[in-house]
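Have a look at the structure below before the remarks.
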Amino acid sequence: MSKRPVTICSGQFGDLPLDVLCEKMHALGYQGFEIATQAHVDVYKVVSDEKYREDFLATLAKHDMIIGALSAHLAGQCVGDNWDKRLDNFAPNAIAGQPEKIREWAIDFMKTTARAAQLLGVKVVTCFLGSPIWAMWYSFPQTTPEMVDEGFRKIKELWTPIFDVYDECGVKLALEVHPTEIAFDYWSTKRLLETIDYRPTLGLNFDPSHLLWQGVNPAVFLRDFADRIYHVHMKDVKINRDDRAGILGSHIEFGDTRRGWNFVSLGHGDVDFDAIIRELNQMGYHGPLCVEWEDSGMERMFGAKEACDFTHKVNFEPSDVAFDAALKRD
């Protein structure tokens, strides 16, 4: 078996208790989780309650499951976004509709997650950063370069104190490059890293499904940002261009076949995972291959099993000999 563990994001199974989820996913062939901090672990209790922390780790150990990363996507989004009522779904009910309190809570949550990760022995926290300028992605009404500059500066200002805590704890942050984020494609990722002076604290949670439908080649992205790949999502996307469907989604819900693209279970889409594994091998990545299962058109346990099998199948190691080495002559 490859050195890279095959894990799964727990967030899409947030309705299942951790013990039940561990039992089910271990039986399907998974070796661990990217644990969603707002579904399966209370980071504040991890920090403050030793018994809670021990019980949490014992549940995982009982089923021989590891923590490949903690996920703090929802709180992270609240750090950098301009508030609208959708963010109320991510924050505690008591502060709904209060933008500055939501941001304060999110900043504290992200710092606490670093401390929880340290105590749990977890080296990577996956996240979103949010974006104060996502609504300006299309430059009308006219967006000036100064507005974009200010958006990137704001992210650096908001996140630098959080980065400091992660450095103190010896934990890395891995941003999932994704629509609605300050870094949503190739060039915005490059600009973000330049803005933070390539601070090692922040790397990338590589997810090919968000790149392909935008027209970005995931393998090229991997190659160019190889030194920043801290975590990897295994997630597929199917492009459905039928002369009616555009790439922006048409305000049609995921799973509807009229859309120009849909997230699908691994192997049912257009992502070239062979190319991705070869790039990961070349860069020496040995972290988790984490299935993020999102397919509105498939029963999730069937999909989780199929995705696990698919990932194990493509999870090959590089060769340690040249293929023609046996042909050498004295």
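The values are calculated or read from the model by the stated rules, or taken from the named source; none is laboratory data. Small disclaimer: the values here were computed from a predicted structure and weren't measured. Ideal geometry is used to build each Cβ from the backbone, glycine not excepted, and the neighbour counts take in all protein chains shown. Note: accessible area is taken over every heavy atom of the protein model, side chains too, but ligands, DNA and RNA are not part of it. Shrake-Rupley method; radii C 1.70, N 1.55, O 1.52, S 1.80 Å.
Return yes when Asp108 is surrounded by fewer than 16 Cβ atoms within 10 Å (Cβ to Cβ), part of a helix (DSSP H, G or I) and within 22 Å of the chain's Cα centre (by Cα) and no when it is not. Yes. So which residues in segment 277-323 are over 18 Å from Val237 (Cβ atoms) and within 17 Å of the chain's Cα centre (by Cα)? Answer for segment 277-323, where residues must be over 18 Å from Val237 (Cβ atoms) and within 17 Å of the chain's Cα centre (by Cα): Leu280, Tyr285, His286, Gly287, Pro288.
Taking Arg103 as the residue in question, decide whether it is open to solvent by 60 Å² or more (accessible area, probe 1.4 Å), basic (Lys, Arg) and either in contact with a Pro (Cβ under 8 Å, 6 or more places away or on another chain) or at pLDDT 95 or above (or both).
It is false that Arg103 is open to solvent by 60 Å² or more (accessible area, probe 1.4 Å), basic (Lys, Arg) and either in contact with a Pro (Cβ under 8 Å, 6 or more places away or on another chain) or at pLDDT 95 or above (or both).
Could you look through segment 201-256, keep only residues that are hydroxyl-bearing (Ser, Thr, Tyr) and free of Cβ contacts under 8 Å to residues at least 40 places away in the same chain, and pick out the one that is surrounded by the most Cβ atoms within 10 Å (Cβ to Cβ)?
Out of the qualifying residues, it is Thr201.
For Asn89, the criteria (1) under 23 Å from Pro179 (Cα atoms); (2) in contact (Cβ under 8 Å) with a residue 60 or more places away in the chain; (3) not hydrophobic (A, V, I, L, M, F, W, C) hold in every case but one, which is (2). Look at Ala183 and say whether it is among the aliphatic types (A, V, I, L, M), more than 26 Å from Val122 (Cα to Cα) and either in contact (Cβ under 8 Å) with a residue 60 or more places away in the chain or surrounded by 22 or more Cβ atoms within 10 Å (Cβ to Cβ) (or both). Here the answer is no, as Ala183 does not meet what is asked.
Is it the case, given these coordinates, that Lys172 is of a type in the set (D, E, K, R), touching a residue at least 40 places away in the same chain (Cβ under 8 Å) and surrounded by 15 or more Cβ atoms within 10 Å (Cβ to Cβ)? Spelling it out, Lys172 is indeed of a type in the set (D, E, K, R), touching a residue at least 40 places away in the same chain (Cβ under 8 Å) and surrounded by 15 or more Cβ atoms within 10 Å (Cβ to Cβ). Highlighted here are the strands (runs of 3 or more DSSP E) found entirely within segment 1-95 that include at least 2 residues which are farther than 21 Å from Phe302 by Cβ: 32-36, 66-71.
Of all the listed residues (Phe302, Phe316, Phe254), the sole one being part of a helix (DSSP H, G or I) and of a type outside the set (A, V, I, L, M) is Phe302.
For segment 69-100, filtered to residues that are buried (at least 18 other Cβ atoms within 10 Å of the Cβ) and among the polar types (S, T, N, Q), the residue that is farthest from Ser10 (Cα to Cα) is Gln77.
Quickly run through segment 19-46 and pick out the residues that are among the aliphatic types (A, V, I, L, M) and buried (at least 20 other Cβ atoms within 10 Å of the Cβ). Passing the criteria: Leu21, Met25, Ile35, Ala36, Val41, Val43, Val46.
Residues that are among the aromatic types (Phe, Trp, Tyr), closer than 30 Å to Arg153 by Cβ and over 21 Å from the mean Cα position of the chain (by Cα) occur in segment 77-87; there is at least one.
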